[in-house]
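One structure is given here, and the rest of the page talks about it.
The values are calculated or read from the model by the stated rules, or taken from the named source; none is laboratory data. This one's a predicted model, so the numbers in the text were calculated from it and none came from an experiment. With ideal geometry, Cβ positions are generated from the backbone for all residues, glycine too; neighbour counts draw on all protein chains shown.
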């Protein structure tokens, strides 16, 4: 039976988008120390941007179902830029004034933002779910003994490219080093002359840009609706907890673990669909019981 | 303190006398009054957890747990809804203990994340076990007191009094000092001899029991629920936005916030363009209050009309939102 390789492959493919969604969350947690409950809502906004681009390209411009690559190539930079700017604005006007205050206030603020953005989407964009008729969603590509849709493959490849790109940025670039320095020791970073506020602002912008990019890729996976955010953020949370709060580099393998585990459970456990949807919680709970620091030592 | 208790006693007398004023025969107004008291209990219970500096996003989930416990008790054991109340309280206490012991040892972030995840997972469980819970179709039971909304109003008052007792009890006992110290700085509180984890777990458990009772009241009152209704995140949002708007860490604040915002919500829900998106107002209220009016409406009253404010209770002293807390652990 080909089931096992197929299951593993689907699990791996699933994890790409998880990693991309969770990495932004991990950056705002690791670098700024703020839990962004609104992260999923920004994924949702990115998905709408991607969807509208698809509508524009296939409607007025009259391109057929072969718009898929264009939606990715144009949509990701567009969505990332828009959300980067939005993220800097949100940070400057709402989060920065709260940085010295207690954690409860910061969490309340981002939770309030989540409620605000989600319901604004319900009012302005209607609660109706939208479905992009992208040809890639169902076109099959044979990979060895199994076959996958172009959409899954693209979502995985693009997500991985972006995640690896961000890792390279964090590891090598001046800005990335500054971010890691600020994450490790805010005061120390200040002492050596890093403009901490600026680094925070850019980190939050980057976090939202990643959410926006992930949103565009969700157009290939699922329907777009104002309620996309909650489902996304819970899985992203479980990945971040599994990796260890603020451990940016652990996000990748934690996503792999969740993706594969979900696929295995829904394939091999009778009635596994229910268990699959609750798996993220079991992971959070189990990690908190067994090793609250995440499975590897956090160094964020 | 004595004046504050007298003010609450007077408030309770007024509330209890309300059905006599003629609205007792208006079924719609009595519905609003019942639901208002239920939400007051929910808001008061959430605020008690916030006093320890913790963000609970599970109060809506405990509400749903209470609703389902009563409904399942009726379905499988023909349990009277009034007997379902203690059963629901027990279920809420056990679940809160387990959740609290695991998550409250850690940073507040973990607790907030785990409570949000918990709420979602309860909904998933209720949806995916149709044989037990009725699945997406939901579950029904006969109306409380044969639909007598005045009678159920007095049951709602009883649950509100339980919430009030919890809120005032924490405020006017030694627990107040422990809770306030924990909010200011957990490390310092521990050094001063406060058992931080135990205080947080017990506070959360007591609070969750009240939230569960509110849900246990709601189920036979409304007679039908389903997983999306019972575990709707909007109730967790309500539980926290009412205290934030009214005034955090107080008893009058959550009550005041519930009256104002619930009344406003009734209007928004039937008025385009808000309708399903009415919670956008709550999102805005949270953001604005956290940024600009951290003490809520009550804080404004106490600042600009100190005499009226004194009746509503003392200002929460010591660390308030807006003052820097110690180093983040």
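Residues of region A:266-286 that are surrounded by 20 or more Cβ atoms within 10 Å (Cβ to Cβ), touching a residue at least 12 places away in the same chain (Cβ under 8 Å) and within 22 Å of residue B:131 (Cα to Cα): A:279 alone.
The test for being at pLDDT below 95, under 26 Å from residue B:145 (Cβ atoms) and over 19 Å from the mean Cα position of the chain (by Cα) holds for residue B:223.
Checking each residue in region A:251-278 for being within 14 Å of chain B (Cβ to nearest Cβ) and farther than 20 Å from residue B:114 by Cα picks out A:265, A:266, A:269, A:270, A:271, A:272, A:273. So how many residues does region B:178-207 have that are in a helix (DSSP H, G or I) and touching a residue at least 12 places away in the same chain (Cβ under 8 Å)? Final tally of qualifying residues: 20. The residue that is nearest to the other protein chains (Cβ to nearest Cβ), counting only those in region B:49-64 that are assigned to a loop (DSSP other than H, G, I, E, B) and under 12 Å from the mean Cα position of the chain (by Cα), is B:57.
Can you say whether residue A:220 is more than 30 Å from residue B:236 (Cα to Cα), buried (at least 21 other Cβ atoms within 10 Å of the Cβ) and touching a helix residue (DSSP H, G or I) at 6+ places or on another chain (Cβ under 7 Å), as far as the supplied structure shows? Here the answer is yes, as residue A:220 does meet what is asked. So is residue A:292 modelled with pLDDT of 90 or more and either out of contact with any strand residue (DSSP E or B) (no Cβ under 8 Å at 6 or more places or on another chain) or buried (at least 21 other Cβ atoms within 10 Å of the Cβ) (or both) or not? In short, no.
The condition of being within 24 Å of residue B:248 (Cα to Cα) and surrounded by fewer than 18 Cβ atoms within 10 Å (Cβ to Cβ) holds for only one of A:37, A:93, A:111, that being A:93.
Here residue A:162 meets each of (1) closer than 25 Å to residue A:100 by Cβ; (2) within 16 Å of the chain's Cα centre (by Cα) with one exception, condition (1). The requirement of being free of Cβ contacts under 8 Å to residues at least 12 places away in the same chain, part of a helix (DSSP H, G or I) and touching a helix residue (DSSP H, G or I) at 6+ places or on another chain (Cβ under 9 Å) is fulfilled nowhere in region A:131-140; no residue meets it. Do we have residue B:83 as surrounded by fewer than 24 Cβ atoms within 10 Å (Cβ to Cβ), more than 14 Å from every other protein chain (Cβ to nearest Cβ) and closer than 14 Å to residue B:210 by Cβ here? When the stated conditions are applied, residue B:83 does not pass them.
Residues that are more than 11 Å from every other protein chain (Cβ to nearest Cβ) and under 21 Å from residue B:120 (Cβ atoms) were ranked within region A:230-250; the one that is nearest to the chain's Cα centre (by Cα) is A:232. The combined condition, being at negative phi and within 13 Å of another protein chain (Cβ to nearest Cβ), is not fulfilled by residue B:220.
Collect the residues in region A:120-154 that are closer than 23 Å to residue A:72 by Cβ and within 14 Å of another protein chain (Cβ to nearest Cβ), keeping them in residue-number order. Within region A:120-154, A:121, A:125, A:129 meet the criteria. Among the residues of region B:292-311, those identified as farther than 14 Å from residue B:244 by Cα and outside any loop (DSSP other than H, G, I, E, B) are B:301, B:302, B:303, B:304, B:306, B:307, B:308, B:309, B:310, B:311. Consider region B:275-291 and keep the residues that are surrounded by fewer than 17 Cβ atoms within 10 Å (Cβ to Cβ) and more than 7 Å from chain A (Cβ to nearest Cβ). The one that is modelled with the highest pLDDT is B:288.
You will find that of A:229, A:246, A:259, A:250, the residue that is on the phi > 0 side of the Ramachandran plot and in contact (Cβ under 8 Å) with a residue 12 or more places away in the chain is A:246 and no other. Among the residues of region B:261-274, those that are away from chain A (no Cβ under 14 Å) and over 11 Å from residue B:241 (Cα atoms) comprise B:263, B:264, B:266, B:267, B:270. The single condition from (1) modelled with pLDDT of 90 or more; (2) in contact with a helix residue (DSSP H, G or I) (Cβ under 9 Å, 6 or more places away or on another chain) that residue B:328 fails is (1).
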